[in-house]
Amino acid sequence: CTLWGGGPDPVNGWVFTPDSLVGDTVRASSGTLDGQLLGGGRIESNPPALVLDGDEARVVIEAADSSDLPVRDISVESWVRLDATTRWGGICGYLQDNGSFERGWALGYNDSSFTVALATSNTMTYLEASDSFALGDWYHVVGTYNGSELKIYVNGQLEGSSRSRSGDIDYA
């Protein structure tokens, strides 16, 4: 997962290779925010990938706070393969959605569609890609926001856009 903040270099990023894992620490490939692998996930080498069980396994970046994140211009991207789906699954994000308290952003999926979510003005918009994905296939998924338009791309193709959000991203 890589996070861009409008500049030429990534703000934070993690490339999941065997070399990036030391004990349960996942070293950041960009930025300084290392993560912790929790819940029994593993990193495989061919292809290099983080494998999660879809239940409790995850990487948590405890040191992250909103000062580490873009305020307006943001792009988040990931290569992902899903072998099973759920409603409102997450790939990468900094998100809190408790119904009436909605903050942050996320790249994820809902059943068989990739999604990007983003909150401004205390309201979260979930934008779904127009096409479904197939289980077991690899996809490059990108969510972008420029202060006035939220977009989702799958394998380089624009699959959705929304102008329902504007202004700075709300963080918890």
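Return a whole-number percent for the relative contact order of the stretch 51-140, with Cα pairs under 8 Å and 6 or more residues apart as the contact set.
24
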Handout entry: More than 16 Å apart - percent of Cα-Cα pairs taken over the stretch 91-159
Key = 45
Practice task
Throw me the Rg/Rh for the chain, computed over C-alpha atoms with Kirkwood Rh, two decimals.
Solution key: 0.94
Exercise for the section: Would you please give the residues with an amide H less than 5 Å from that of Gly6, counting only those at least 5 places away or on a separate chain, with H modeled from the backbone geometry? Expected result: Ser75
Problem - Per-selection Rg to Rh, the stretch 1-85 - Cα, Kirkwood hydrodynamic radius - result: 0.97
Practice task
Tell me which residues come under 5 Å, amide H to amide H, from Val26 once H is placed; ignore anything under 5 positions away on its chain.
Solution key: Gly35, Gln36, Leu37
Exercise for the section: Enumerate the calculated ³J(HN,Hα) couplings along the stretch 140-148 in order (Karplus 6.51 cos²θ - 1.76 cosθ + 1.60, θ = phi - 60°), each rounded to whole Hz, writing x wherever the residue is Gly or Pro. Expected result: 9, 10, 9, x, 10, 8, 10, x, 9
Exercise for the section: Could you check how much of the accessible area of the chain is carbon and sulfur, as a whole percent, using a 1.4 Å probe? Expected result: 45
Problem - Contour minus Cα-Cα distance for Trp79 and Asp34 (0.36 nm per residue) - result: 14.3 nm
Exercise for the section: Would you kindly derive the ³J(HN,Hα) couplings of the stretch 23-37 from the backbone phi angles with the Karplus curve 6.51 cos²θ - 1.76 cosθ + 1.60 (θ = phi - 60°), listing them in order in whole Hz, with x for Gly and Pro? Expected result: x, 10, 8, 9, 6, 5, 8, 9, x, 10, 8, 6, x, 10, 7
Exercise for the section: Count neighbours as other Cβ atoms within 10 Å of each site's Cβ, and list the trypsin sites (Lys or Arg not before Pro) in the stretch 38-133 that are DSSP loop with at most 10 such neighbours. Expected result: Arg87
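The values are calculated or read from the model by the stated rules, or taken from the named source; none is laboratory data. From a predicted model like this one, the values you see are computed outputs, not experimental measurements. No Cβ is skipped: glycine too gets one built from the backbone with ideal geometry, and neighbour counts run over all protein chains shown. When the accessible area is computed, the model is the full protein with side chains, heavy atoms only, and any ligands, DNA or RNA have been set aside. Shrake-Rupley method; radii C 1.70, N 1.55, O 1.52, S 1.80 Å.
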